[in-house]
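Asker: Quick one: the structure is below, and I'll ask about it shortly.
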Amino acid sequence: MQGRVLIADGEGEVRENLRQLLEDEGYSVVCVESSKEALKELESSRFDIILTDVQMSGIGSTGVLKRLQQLTHSDAVTIILTGQATVDSAIESMKLGAFDYILKPFNPDELVETVKKAHNFVLLQRENISLKEAMSLYKLSEISISSLNIDTIIDAVLRTLRDETKADTICLKLEGNNSNSSLEAKDGCFSDYCSDGCIFDKKKLFPYTRRGEVVVLNQEEVIQTAAKNHKLTAESIKSAIIIPLKSAARNFGYISIPSFDKVFSEGERKVVTIIASQAIAALENVYLHNNIQKSFREVIQGLVYALEAKEKYTAGHSIRVAYYTKTFTENLKLTPKERDDLFQAALLHDIGKIGIRIDSLSKPGSLTAEEYEIFKVHPKLGKKILEPISFLSNIIPYIYHHHERFDGNGYPEKLKGDNIPYGARILTITDSYDVMTSDRPYRKRLKDNEIIKELENCSGTQFDPELVKIFIDIRKHSKEFEFIRSDEFFKNIGKMYTYTTNLFNPDFKLFVNEKM
């Protein structure tokens, strides 16, 4: 594929000789006789190669080279035509980025060979740029697919847009609403140019954003859509790209990219359209994930309601164990997903009690051997209840084994030591701790020193010795343990049987009284 050549030379005979020579080689050629005409052509059309005389009328070859550096859409290379007396000027042009220079009178074969080398250089450069763009889009695609963190996605999108458009500033408007399944609203301008808010007025942009298509605004349209406090700034903007973040089902907001020094090209609009599609797909994934998480918490909420409505004497046990577990695991080397799973498992650890008789368990005094055997069935029943719910499969082993003992004398499988799932070993400690700190039909709650002594005595027998040591240390220094037992805890998160969905969200923050 041959390229486009711009010939700028004041000598008509030279221009025609060059035109004929290069057209015979298959090149498309445009000829001009002055620097002014050359610049006009360069600003309106795309060329691969520029052949220009070093002493052409107007600003000369150095002026052309300087202007080329300012034209962000141009990747043309320049070959200088010069006589022997102006070699110094040609060398000066080389310093400004000219590809090569040719002495007049030129050898036709040498000139054609130089033009071919220049053209191959241009094609190679474009291939490298295309590869870079492809890699940039690939990385964005990877993040969009693998991440459900909204900040990570936004950061990747904005970085990619900045790299591809060489943007001076990028403005983001991400909508939010009161739904628990919505994305968090975000509004920011990533530049000092508009630190006091987005340049554009949201309502004035609506005719463009509602279409869901990436559009390039000209200078007049930029001024018409600017916010009142940015009218003066808008007058210095040459063009802007507006990126609606709109899927078939939802409108997430938009991104605007104003430019102070160039008019965005159609090619840039197309690249940005690809980036926008990746961004929208990622936002849709996050939205759907949030919906699933909301449904997940509502299922757990309903199951905990059912359990505590049946065993009202221990009402609050599950939620307290969940928050003891939350406080404990925040001090362990676990991933956010592992901490989340353990929080949900703690809420549901006793769900199997729904399937056993409660009246005998609430009586004063010790259980009979028969009653104790009935009680020991609840981990198996819990496993059976939860198994049909596929998205709870990760937490079932923790619930099923939370009554195993480190010495192997627990139930239901008599697992020992590290064979007990790590999460179950954690729940064994937090569950036992809440039992010791609670009044039960058969005894009053233990005192603090008695609780610590009991935990230490059961280290290596009932409890994992390493985990219980960490737990005791946290218990001694954390204010949250006492707060979770307080009336204030339930005032902050809702009275029993009127929990909010947030209560069942592991990211819900405890409001610890600093005076405690």
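The values are calculated or read from the model by the stated rules, or taken from the named source; none is laboratory data. Being a predicted model, the structure only gives us computed values, none of them experimental. Here Cβ is always computed from backbone atoms with ideal geometry, including for glycine, and neighbour counts include all displayed protein chains.
Asker: Among the listed residues 28, 35, 45, identify the single one that is buried (at least 22 other Cβ atoms within 10 Å of the Cβ) and in the same structural domain as residue 122 (by TED's automatic domain parsing).
Answerer: 35
Asker: Okay, moving on. So, in segment 379-402, exactly how many residues are over 22 Å from residue 417 (Cα atoms), part of a helix (DSSP H, G or I) and touching a residue at least 24 places away in the same chain (Cβ under 8 Å)?
Answerer: Counting residues in segment 379-402 that are over 22 Å from residue 417 (Cα atoms), part of a helix (DSSP H, G or I) and touching a residue at least 24 places away in the same chain (Cβ under 8 Å) gives 7.
Asker: Now for a different question. Taking segment 2-25 as the search range and keeping residues that are free of Cβ contacts under 8 Å to residues at least 24 places away in the same chain and not polar (S, T, N, Q), which one is surrounded by the most Cβ atoms within 10 Å (Cβ to Cβ)?
Answerer: Within segment 2-25, the match that is surrounded by the most Cβ atoms within 10 Å (Cβ to Cβ) is 15.
Asker: Restricting the first residue to segment 476-489 and requiring it to be farther than 13 Å from residue 437 by Cα, which pairs with a second residue that is in a helix (DSSP H, G or I) and modelled with pLDDT under 80 meet a Cβ separation below 8 Å and a spacing of at least six or different chains?
Answerer: none
Asker: Consider segment 148-170. How many of its residues are over 20 Å from residue 240 (Cα atoms) and hydrophobic (A, V, I, L, M, F, W, C)?
Answerer: 4
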